[in-house]
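Single-structure report; data block below.
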Amino acid sequence: MQNKTARSLPVFFLLALLVSCSSPTSATTVTATAIQIPAATDTPSPAPALTPTETAIPEVGRAKYTLNTSIDYDAHSVTVDETILYPNLTGGQLNTLVLAVVPNLWAGSFTLNSIFIDGAPLTTYSLEGQRLDIALTSFLQPQSALTINLQFTLALPLAEQEDPNISRPRIYGYTSRQLNLTNWYPFVVPFVDGDWVLHDPWYYGEHLVYDSADYEVNLKFADPATAPVVAASGFPEQQADSTRYTITSARTFALSASREFQVSSSQFGDVTVSSYYFAFNEAAGQAALQTSGESIQVFSQRFGPYPHKTLSLVMGDFNDGMEYSAFFFLPRDFYSLYDGTSANYLTFVAAHETSHQWWFEQVGNDQALQPWVDEALSTYSERIYYESIHPELVSWWWTYRIDFYKPQGFVDIPIYEGQGFRPYTNAAYFKGAHFLEDLRARIGDEAFFAFLQDYLAQSRGKIVSAADFFHILREHTSADISDLIRQYFQNVY
């Protein structure tokens, strides 16, 4: 996550802010830096369709979401028939399910038309705010599965407006030239330590926690003749009257659509990276593409392979940056401020958001209670990008990106205790980066990168905690780091 602001910010403020398929309108190919990259792991062939009565657990041991989606772009409305094959992998029997329904935070945006459980209509449930509680008529046993079918419609809010009842900046919705679907479908939240994990939204930071799942999104538009350009998570395949997107072992599925998008694409290893931007931003759009592609290659070498076949980076029609699976937004004004060099906001934020494909996408965590687990690593990954691609700018990065605000505070604060956006990011992001730099110096490069690779390997597809981070770290070093923990953390690990 980067700059969480709902209003367009003035340029002078951004200069001080150190934060974090239709045919394209135009296409440009840029040259990729020659760095060896491990193969991605997505399988682009579509999975077989599921019937409402199937109850076998998927062989991959994850839930599967199938979203048959129709968008009326001009009416800003979406109709969805969603099927969730949910396997009970909790180790115990379940008699309830909890789903996050984030669009219901906006009055009038979400209308639930029907729910079926294993083909039988469900008439009793509770939907309050973002939380949908379902009481099952019988226990769902461990290692068995059920099918949830939901039909719903979305009336998208105007993203440039603010709702006093919503504490978060709005990406979900539409602007005059862009439609964005983020956290737009109901999903089953993780079940951890005997409880469903669904935190309250907050003024900054992320509050949602996601299990890994497989996604198939079949997307069509009400008027195919005027369909917009679409940027989306997942591998696209053109069907007779729709586009099918598939992605495996993903935390989310997001998309952005605009009739004004221009597109630059390039191949980095076997990963297709596509940059979507608006007119008069081609140089910045191609620069973001190059940075993201180079980051994929650097991080694949340093951490482990990139997991998908595609990555979409999108110029948001707002000043907000956010990561999703195989997809992320970059803030609008960072394109305007791009100066043609690699010493700028657009470059380090593109590297940051790309790194979330490791620290968020592959290794999940509780983003509300332990946000540093992904954000500190993603911030420090910017440093790893610069040392690999632009080593002459590492000192500049520390000064301009990290130390400008003289960051203070404990790294391991929850979002609710951040005391404001700036103190929160100073602690979780920037002090977190200093902790990782000091840790690296203490244990040495060989142990540090061996730890990160093993941390990824052991944690891929899981939701980890700070305790897991330090447990795996101690498998790679016998160095005493107790002083670093006392210096940077309010809890003992």
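Scanning the range 181-213 for residues that are buried (at least 20 other Cβ atoms within 10 Å of the Cβ), outside any loop (DSSP other than H, G, I, E, B) and of a type in the set (D, E, K, R) yields a count of 0. Residues of the range 462-493 that are within 29 Å of the chain's Cα centre (by Cα) and hydrophobic (A, V, I, L, M, F, W, C): ILE463, VAL464, ALA466, ALA467, PHE469, PHE470, ILE472, LEU473, ILE485, PHE489, VAL492.
Do we find a residue being over 26 Å from the mean Cα position of the chain (by Cα), more than 17 Å from GLU382 (Cβ to Cβ) and not in a helix (DSSP H, G or I) anywhere in the range 419-428? Within the range 419-428, none of the residues are over 26 Å from the mean Cα position of the chain (by Cα), more than 17 Å from GLU382 (Cβ to Cβ) and not in a helix (DSSP H, G or I).
Exactly one residue out of ASP445, ASP468 is acidic (Asp, Glu), at negative phi and surrounded by 15 or more Cβ atoms within 10 Å (Cβ to Cβ), and it is ASP468. Going through the range 135-144 one residue at a time, which ones are assigned to a strand (DSSP E or B) and either among the hydroxyl-bearing types (Ser, Thr, Tyr) or surrounded by 20 or more Cβ atoms within 10 Å (Cβ to Cβ) (or both)? Those that are assigned to a strand (DSSP E or B) and either among the hydroxyl-bearing types (Ser, Thr, Tyr) or surrounded by 20 or more Cβ atoms within 10 Å (Cβ to Cβ) (or both): THR137, SER138, LEU140.
Residues are listed down the side, and each one gets a yes or a no for (1) surrounded by fewer than 24 Cβ atoms within 10 Å (Cβ to Cβ); (2) part of a strand (DSSP E or B); (3) among the polar types (S, T, N, Q); (4) at pLDDT 95 or above:
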| residue | (1), (2), (3), (4) |
| --- | --- |
| GLY285 | no, no, no, yes |
| GLN290 | yes, no, yes, yes |
| SER300 | yes, no, yes, yes |
| VAL314 | no, yes, no, yes |
| THR341 | yes, no, yes, yes |
| HIS352 | no, no, no, yes |
| THR379 | no, no, yes, yes |
| GLU387 | yes, no, no, yes |
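The values are calculated or read from the model by the stated rules, or taken from the named source; none is laboratory data. Please read these numbers as outputs of a predicted model, since none were measured by experiment. Every residue, glycine as well, gets a Cβ built from its backbone with ideal geometry; the counts of neighbours run over all protein chains shown.
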